[in-house]
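A short write-up of the structure that comes next.
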Amino acid sequence: MNFLKKLKKLKGDASSRVFYRKKDSKSSSIIVYSKKDKKLNLLNYDSINKILIKNNITAPKLLSENYSKNYIEIQDFGDETVFKLFNKKKINKISIYKNIINLLNRIQSVSQKKIINFKNQIYKIPKYTPKILVEEAKLFTEWYIDKKLKKSEQKKFKNLFYKIVKNLAKKIHQKNDTFVHRDFHISNLMMVKNGIGVIDSQDALIGNKAYDLASLIDDVRFETSVELKKKIYNFYLKTQKKLNKKSFKNDFEIISVLRNLKIIGIFTRLAVRDNKKKYLKLIPYAWKLIKLRSQNDIFKDLNNLLKVLKKNK
């Protein structure tokens, strides 16, 4: 791709995608290049963005596509993520979080599940089944425990872990009927013309209402106080008139724990397989979040199992 060499390569994320900024005196756009998983990273990404845009959510518009050459060109939202905003300015975080919760409510009200993609095919957002949730949590045992346990101990640990995770997934109450961005955290929220835009939405599924809130509040990339977490959580509850608070809290805690176990697995994989070692420094905070959310009795078996790893640290 000779023309890409002339463009400014942007700082990447944890995925296999590569981003470039295409700029001239009149306009600026982003080239998303993806040879690996290109259906997900290009075709599905634009399909989800189209659904969001149709429902008045700010997401990057497709400007052009060259799918055969593994790239799409999309709208440039600039560089100001909410994460950057929080890190460089002393601002009232809770007021920004309230705006994000209002945005989340609008995303969660999206009922459209199908769209015609740029290949003129119907794209339907998949369901976030309990099976997917369990498979994701398995990334923890597939990558993290190798260096923590002897080979002879690993099989027993894995079997018990799968059994516990399956039981936790069965204890989730809310229906899988809500648009779930799946990476709804402040690194994927952009400040766009005094509003907030959403990027990195290619993994969206129809799932549990608690998932994106857990992604936002228990964001492993950005440490916040327990007090601020409670404020954001309670503000969300105030915006939900028909929510069963007890069952929602149950789901929020289970999803947060399973999600952070998955993240520990993913970050270990990035370090071991892809030599992206910078993510390892986030693992201790993921453990803190797991501890924070696993104080309920339903996590007793999981906590007892995880003690085995702590002994081997």
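Values as computed for the structure displayed
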{"item": "Residues Asn296 and Ser16, FRET efficiency given R0 of 35 Å [Cβ-Cβ distance, rounded to 0.05]", "result": "0.45"}
{"item": "Cβ crowding within 10 Å averaged over residues, with 28-35, 16-23 ranked highest first", "result": "28-35, 16-23"}
{"item": "Gained length - Asp274 relative to Trp287, 0.36 nm times residue gap less alpha-carbon distance", "result": "2.5 nm"}
{"item": "Ranked by how many other beta carbons lie within 10 Å on average, peptides 39-49, 115-125 from highest", "result": "39-49, 115-125"}
{"item": "log10 of Debye I(q)/I(0), alpha-carbon scatterers only, for the range 22-110 at 0.10 Å⁻¹", "result": "-0.35"}
{"item": "Using a Förster distance of 51 Å, the FRET efficiency for Leu305-Lys119 (Cβ separation, nearest 0.05)", "result": "0.70"}
{"item": "Sites Gln154 and Leu40, calculated FRET efficiency, Cβ-Cβ separation with R0 45 Å, nearest 0.05", "result": "0.90"}
{"item": "Lys241 versus Ser27: modelled label distance in nm, points set 7 Å from Cα along the beta carbon direction", "result": "4.3 nm"}
{"item": "Added length on full extension, which subtracts the Cα-Cα distance from 0.36 nm per residue, His173 to Ile91", "result": "25.9 nm"}
{"item": "Space enclosed by the convex hull of the alpha-carbon atoms of the chain, per residue, Å³", "result": "149 Å³"}
{"item": "Degrees, to the nearest 10: 130-139 long Cα axis against longest axis of the chain", "result": "80 degrees"}
{"item": "Lys, Arg +1 and Asp, Glu -1 on Cβ, resulting dipole of the chain about Cα centre, debye, nearest 20", "result": "660 debye"}
{"item": "Rounded to 10°, Cα long-axis angle of helix 93-108 versus longest principal axis of the chain", "result": "80 degrees"}
{"item": "Theoretical gain in end-to-end length, Asn194 to Asn105 [0.36 nm per residue, Cα-Cα removed]", "result": "30.2 nm"}
{"item": "Degrees, to the nearest 10: 45-54 long Cα axis against longest axis of the chain", "result": "80 degrees"}
{"item": "Farthest toward positive dipole pole in the chain [+1 Lys/Arg, -1 Asp/Glu at C-beta], among Phe184, Ser16, Ile72", "result": "Ser16"}
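Rule-based calculations on the coordinates, nothing more; no lab input. Only a predicted model underlies this, so the values are computations on that prediction, with no experimental measurement involved. Note that each Cβ is placed from the backbone with ideal geometry, even for glycine, and that neighbours are counted across all protein chains shown.
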